[in-house]
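One structure is given below, encoded as structure tokens.
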Protein chains: 2
Amino acid sequence: MIQMDPQELLSLCKRRGFVWPAYDIYGGLAGLYDYGPLGSALKNNLEGYWRKLYVQEEGFHELSCPIVAPEPVFKASGHLDAFSDIYVECTKCGETYRADHLAAGMHENPASLSDEQLGKLLKQNDVKCAVCGGDLTSPKRFNLMFKTYVGAGKGKAAYLRPETAQGMFVNFAQIYRYGRERLPVGAVQIGRSFRNEISPRQGLIRLREFSMMEAELFVHPESKSWPKFGSVKDEALSLVPSTGEPRVMKLGDAVKAKVIANETLAYFMWLTHKFAVDIGLDQRRLRFRQHAKTEMAHYAADCWDLEAEIGYGWVEMVGVADRGSYDVQAHITQSGVDLSAFERFENAEELEQEVVRPAFGTLGPLFKGNAKLVAEAISRLTPDIVRGREKVTVDIAGKKTDIPSSCYEVVMKKEKVSGRKLVPHVIEPSYGVDRLLYAVLDHAYTKKDEYVTLRLKPAMAPIKAGVFPLMPKDGLDEAAKRLCNDLVRAGITAHYDDSGSIGRRYARMDEIGTPCCVTVDFDTNKDGRVTIRDRDSAEQVRIRKESAVAAVRAIVSGSSLQDVSKMG
Amino acid sequence: MIQMDPQELLSLCKRRGFVWPAYDIYGGLAGLYDYGPLGSALKNNLEGYWRKLYVQEEGFHELSCPIVAPEPVFKASGHLDAFSDIYVECTKCGETYRADHLAAGMHENPASLSDEQLGKLLKQNDVKCAVCGGDLTSPKRFNLMFKTYVGAGKGKAAYLRPETAQGMFVNFAQIYRYGRERLPVGAVQIGRSFRNEISPRQGLIRLREFSMMEAELFVHPESKSWPKFGSVKDEALSLVPSTGEPRVMKLGDAVKAKVIANETLAYFMWLTHKFAVDIGLDQRRLRFRQHAKTEMAHYAADCWDLEAEIGYGWVEMVGVADRGSYDVQAHITQSGVDLSAFERFENAEELEQEVVRPAFGTLGPLFKGNAKLVAEAISRLTPDIVRGREKVTVDIAGKKTDIPSSCYEVVMKKEKVSGRKLVPHVIEPSYGVDRLLYAVLDHAYTKKDEYVTLRLKPAMAPIKAGVFPLMPKDGLDEAAKRLCNDLVRAGITAHYDDSGSIGRRYARMDEIGTPCCVTVDFDTNKDGRVTIRDRDSAEQVRIRKESAVAAVRAIVSGSSLQDVSKMG
């Protein structure tokens, strides 16, 4: 394997228009990058393929929620209280540092230390500011969400979402209804997220503003089998379990041996791996690493990261987690709104269970004309929702209405019931777009005697074909331009180029990963044929001019130059 | 024309999963909406078609820049100083109001009043808080950008972009280089923008977070003709000029009569109109309204809004403006970085002109080993950039370097020059995605005897085909599911449904704009045919099962049911 130097790759990215540091004319801001024309196209291709897999083929429902979200959302999710890093600040020049990063090498796991212990450790080692040599403050907590205020005057506190997931959790009732009230039902979202990193320094790997593709699959808490699992159970993945040795295991065996918690999780690990390979990652440099119990959120049942080996080492690209009922339950508790699913029994059953009963004596005088509607709304609540609250908020005739706890009580009741309410569990595959895009470039980059080729998968390549006249004269240029237009009209991104030697033009296209080039030469007028050249082998075949659009389309779909040459 | 009630349309949107108020379980936040599955699909289709027009066909380069941007960007653009509204606040309950909105009806143009005059007017009319009747404060200015801070500790002030345009202006040098240093060169960006509206109340029309599709065409300041203009000069548009009567004019005539400032502007007005009609807006309810001189930014040469007549009245959908050199010049001035283009003369000319000359005596001792590089960088500056500044910042060996004004001087010089620097002008078509999407729904909505049909253009429809078994039994359901899968595998969004009467199922699909439905019935097994039904005419034809995928694809491309019936 080549150990790819990130600086070399970022330099190519900048020079050719994939990505570059944002707001550079004003000195930039660490952790913010622009996608240029080639980067945008690659990003669109990557996201488009993901949408095809998850929305078209797996049937997830796509949402698009606002980035700005009100405070209670993150109170519920835990981000407001616990989404923070520890930093120290230079007392002289104000430079800030992640405290745990500074302590690397002084302790085997600085992330496990308390704020106080970290401070002591830095003091003992006499750590100073790397910029000016000044003294550092004690460690302080810093919430990684960007805060802002909505509305004039004081405004309401709000945050830029640190992940797209919460927008889907708070909409579970909408998603469940849209899916005709059946489990499993899944939602996806592709969009920007934000983390106010203390001192991001790793290019596209640690950004303050980044794109995510997240899927939230809402499943029955007691049924995590997956109908399509049978078709992938013999597929093998490279696993690094939290206990025991790394190994390659068939998914069926991994679930049977309880290495992977359940079929659904295993299926989406397989789909994630397929996605990664299809966009061009080298499967020899991919592995799934399981979170250790201590590393995992307390509520999560199991969590696996797809890691890719790139110039920065092994880096997390995708997390696939069984998050249990945590997320939906947290929003039920915070909002008092019922976000449960309903499981219909095959036959109605006689059950003794806790129910919420309206206290008519209290609610009658309080709600008067609306008392009946309020009583009905109360009857639909579950004991879980009301327990320990002083009031619940429900929708009465389209209006949010507070109902004090004196209006209801939790009682045992024996009755024939047609089903039961349940809070769904969530299986979440969460993809980092920018990291995946960077890894695609890293794995595609090859250099031989200073000649750089990006071996991108044709379906991902920003430009599908270079179109050249051998010389820009004698009508060759006109013919090449017409051919280029034909490709564009057929929906294929093509690039016309007539400047410099033909070798230079090939080199420019190879360097940005264009899978093929089509050249019109002096023989074209005589034999009606053009030359089509393959990026990776540099081989060339001549085909009829009229076949050029079909030939490029075939190459984009994965055909070899040999197949194409048969088109005549 | 139907006067569409926004509440009726928003209610359909919410019920069927197009859009709904965001964060509803927490009481929501005015001006924030979620796109549900159907809304997301419609939005993707709309943006995809725009990208096809601008990027594929017109050759614009797509960028994707961060939403969070540092303060100097908006200092340069003018947003920091001038992007504000005037509000008053209730002294009792804290409710806020746009002062000019409250003054509507008390003055013929409240927006033209000074803050003081507005305050007086409200006082004279004894305006109170509409919520609690409390007294209102004097008018105050409120900047509409969302502010936040980047980095730990105090952090750096930053803003959520109020438009995507600035990301392209600050990148002019990158875009120009990517386009091989030729004018015109264009960039586009599709993405979220943010305006902290004081009290947004018009659904999707006035959002605090919204999507834009913006194009910035950088053109030669003295050459605003457009090669393709000839092909559209005989097309007629409905114009409302700032002076004179509304009229329908051919574009060629409008440019000749100087009603529209130049060919380039007129061409992009045509393209905007074409886009609007292609996505499904009714051209009888479209017009271009020219900004009055007083309404236009002082630097703009000409500006036209595409307006659509919807339930809220005539509403701006797209702005097409000639912004002159304002934007690029503003960033040159603010940053001190050279963002000019270079015009190469056909023959080198002898010219006497002002140039920036290095003062070697000063810069030598100051920059030592780098003096030569600094001198070269100085020679590349234009007098415009250095004039009146105490220092300029240039890139020396990849590092931003400050050069004090003592290191250069502006002198007249007669020399043979091969070309000249110029600051490009900008033609900007700026599209509001959410408004366009709302207008598409508004114009597509039809109701007859309470039966609702969304007559969406097939290419825009979120779902292209409903696939039904006549009854979910006797294998009809299996056959219909197979057919649905065939469509999905062919990349066509299809929806299987077997619940309720066939009439109910048609109605559900008509209500969300699905252009056709395919039904498998008891005859299918005998004659191998399925029924395909057209949404708008409710007509049906029977075609061979094997033709179903091709038939749906043809309908999505605009074929009629008659054409499809010929497929056999």
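What the table shows:
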{"quantity": "Residue tally, condition under 14 Å from B:Ser430 (Cα atoms) and not hydroxyl-bearing (Ser, Thr, Tyr), over the stretch B:150-166", "calculated": "4"}
{"quantity": "Residue tally, condition within 35 Å of the chain's Cα centre (by Cα) and either surrounded by fewer than 24 Cβ atoms within 10 Å (Cβ to Cβ) or among the acidic types (Asp, Glu) (or both), over the stretch B:461-482", "calculated": "2"}
{"quantity": "Scope the stretch A:107-129; condition assigned to a loop (DSSP other than H, G, I, E, B), modelled with pLDDT under 90 and exposed (fewer than 14 other Cβ atoms within 10 Å of the Cβ); matching residues", "calculated": "A:Glu108, A:Asn109, A:Ser114"}
{"quantity": "Hits in the stretch B:237-283 (condition: more than 27 Å from B:Ser223 (Cβ to Cβ), among the aliphatic types (A, V, I, L, M) and part of a helix (DSSP H, G or I))", "calculated": "B:Ala276, B:Val277"}
{"quantity": "Selection status of A:Gly153, assigned to a loop (DSSP other than H, G, I, E, B), under 30 Å from B:Pro66 (Cβ atoms) and touching a strand residue (DSSP E or B) at 6+ places or on another chain (Cβ under 6 Å)", "calculated": "yes"}
{"quantity": "In the stretch B:65-75, the residues that are within 9 Å of chain A (Cβ to nearest Cβ), under 26 Å from B:Pro200 (Cβ atoms) and of a type outside the set (D, E, K, R)", "calculated": "B:Cys65, B:Pro66, B:Ile67, B:Val68, B:Ala69, B:Val73"}
{"quantity": "Leading residue by the ranking (surrounded by the most Cβ atoms within 10 Å (Cβ to Cβ)) among those in the stretch A:494-510 that are over 19 Å from B:His61 (Cα atoms) and more than 12 Å from chain B (Cβ to nearest Cβ)", "calculated": "A:Asp510"}
{"quantity": "Complete set of residues in the stretch A:233-249 that are surrounded by fewer than 17 Cβ atoms within 10 Å (Cβ to Cβ) and either within 13 Å of A:Arg289 (Cβ to Cβ) or out of contact with any helix residue (DSSP H, G or I) (no Cβ under 9 Å at 6 or more places or on another chain) (or both)", "calculated": "A:Val240, A:Ser242, A:Thr243, A:Gly244, A:Glu245, A:Pro246, A:Arg247, A:Val248"}
{"quantity": "Which listed residue, of B:Thr137, B:Thr164, is β-branched (Val, Ile, Thr), modelled with pLDDT under 95 and closer than 19 Å to B:Ser84 by Cα", "calculated": "B:Thr137"}
{"quantity": "Checklist (1) over 30 Å from B:Arg284 (Cα atoms); (2) in contact with a Pro (Cβ under 8 Å, 6 or more places away or on another chain); (3) surrounded by fewer than 22 Cβ atoms within 10 Å (Cβ to Cβ) applied to B:Ala22, failing item", "calculated": "(3)"}
{"quantity": "Qualifying residue in the stretch B:468-490 (condition: in contact (Cβ under 8 Å) with a residue 24 or more places away in the chain and in a strand (DSSP E or B))", "calculated": "yes"}
{"quantity": "The stretch A:284-323, residues that are under 19 Å from the mean Cα position of the chain (by Cα), within 30 Å of A:Gly388 (Cβ to Cβ) and surrounded by fewer than 20 Cβ atoms within 10 Å (Cβ to Cβ)", "calculated": "A:Met296, A:Ala297, A:Ala300"}
{"quantity": "Candidate set: the stretch B:333-343, residues that are of a type outside the set (Phe, Trp, Tyr) and away from every other protein chain (no Cβ under 14 Å); chosen: the one nearest to A:Tyr26 (Cα to Cα)", "calculated": "B:Ala341"}
{"quantity": "Residue within the stretch B:436-455 that is small (Gly, Ala, Ser), more than 30 Å from B:Ile492 (Cβ to Cβ) and at pLDDT 95 or above present", "calculated": "no"}
{"quantity": "Complete set of residues in the stretch B:334-369 that are among the small types (Gly, Ala, Ser) and buried (at least 18 other Cβ atoms within 10 Å of the Cβ)", "calculated": "B:Ser335, B:Gly336, B:Ser340, B:Ala341"}
{"quantity": "Residues satisfying the stated conditions in the stretch B:284-307, i.e. part of a loop (DSSP other than H, G, I, E, B) and of a type in the set (S, T, N, Q)", "calculated": "B:Thr294"}
{"quantity": "Residue count for the stretch B:170-228, restricted to those that are among the small types (Gly, Ala, Ser), more than 10 Å from every other protein chain (Cβ to nearest Cβ) and part of a loop (DSSP other than H, G, I, E, B)", "calculated": "2"}
{"quantity": "Yes/no for A:Leu32 being more than 24 Å from B:Ala494 (Cβ to Cβ), aliphatic (A, V, I, L, M), surrounded by fewer than 24 Cβ atoms within 10 Å (Cβ to Cβ) and facing chain B (nearest Cβ under 7 Å)", "calculated": "yes"}
{"quantity": "Residue in the stretch B:82-89 that is buried (at least 20 other Cβ atoms within 10 Å of the Cβ), at the interface with chain A (Cβ under 9 Å from one of its Cβ atoms) and out of contact with any strand residue (DSSP E or B) (no Cβ under 8 Å at 6 or more places or on another chain) present", "calculated": "no"}
{"quantity": "Meets criteria (surrounded by 14 or more Cβ atoms within 10 Å (Cβ to Cβ) and in contact (Cβ under 8 Å) with a residue 24 or more places away in the chain) for A:Ala375", "calculated": "no"}
{"quantity": "Among the residues listed as A:Gly39, A:Gly48, A:Gly78, the single one being at positive phi and either within 8 Å of chain B (Cβ to nearest Cβ) or of a type in the set (Gly, Ala, Ser) (or both)", "calculated": "A:Gly78"}
{"quantity": "Residues satisfying the stated conditions in the stretch B:501-548, i.e. part of a helix (DSSP H, G or I) and among the small types (Gly, Ala, Ser)", "calculated": "B:Gly503, B:Ala507, B:Ser547, B:Ala548"}
{"quantity": "Selection count, the stretch A:17-29, where residues are at the interface with chain B (Cβ under 8 Å from one of its Cβ atoms) and closer than 19 Å to A:Pro458 by Cα", "calculated": "1"}
{"quantity": "Matching residues, the stretch A:328-350, being touching a residue at least 24 places away in the same chain (Cβ under 8 Å) and either more than 30 Å from A:Asp402 (Cα to Cα) or in contact with a His (Cβ under 9 Å, 6 or more places away or on another chain) (or both)", "calculated": "A:Val328, A:Val337, A:Leu339, A:Ala341, A:Glu343, A:Phe345, A:Ala348, A:Glu349, A:Glu350"}
{"quantity": "Strands (runs of 3 or more DSSP E) wholly inside the stretch A:335-405 that include at least 2 residues being of a type in the set (A, V, I, L, M, F, W, C)", "calculated": "A:341-358, A:391-396"}
{"quantity": "Residue list for the stretch B:51-60, filter: among the acidic types (Asp, Glu) and either within 8 Å of chain A (Cβ to nearest Cβ) or free of Cβ contacts under 8 Å to residues at least 60 places away in the same chain (or both)", "calculated": "B:Glu57"}
{"quantity": "Residue count, the stretch B:124-155 (criterion: closer than 22 Å to B:Ser114 by Cβ and not small (Gly, Ala, Ser))", "calculated": "13"}
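Yes/no per residue for (1) facing another protein chain (nearest Cβ under 10 Å); (2) among the small types (Gly, Ala, Ser):
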{"position": "A:Gly119", "(1), (2)": "no, yes"}
{"position": "A:Cys132", "(1), (2)": "no, no"}
{"position": "A:Leu136", "(1), (2)": "no, no"}
{"position": "A:Thr148", "(1), (2)": "yes, no"}
{"position": "A:Lys156", "(1), (2)": "yes, no"}
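The values are calculated or read from the model by the stated rules, or taken from the named source; none is laboratory data. Worth saying up front: this structure is predicted, and the values here are computed from it rather than measured. Please note: Cβ atoms are built from the backbone with ideal geometry, for glycine as well, and neighbour counts cover all protein chains shown.
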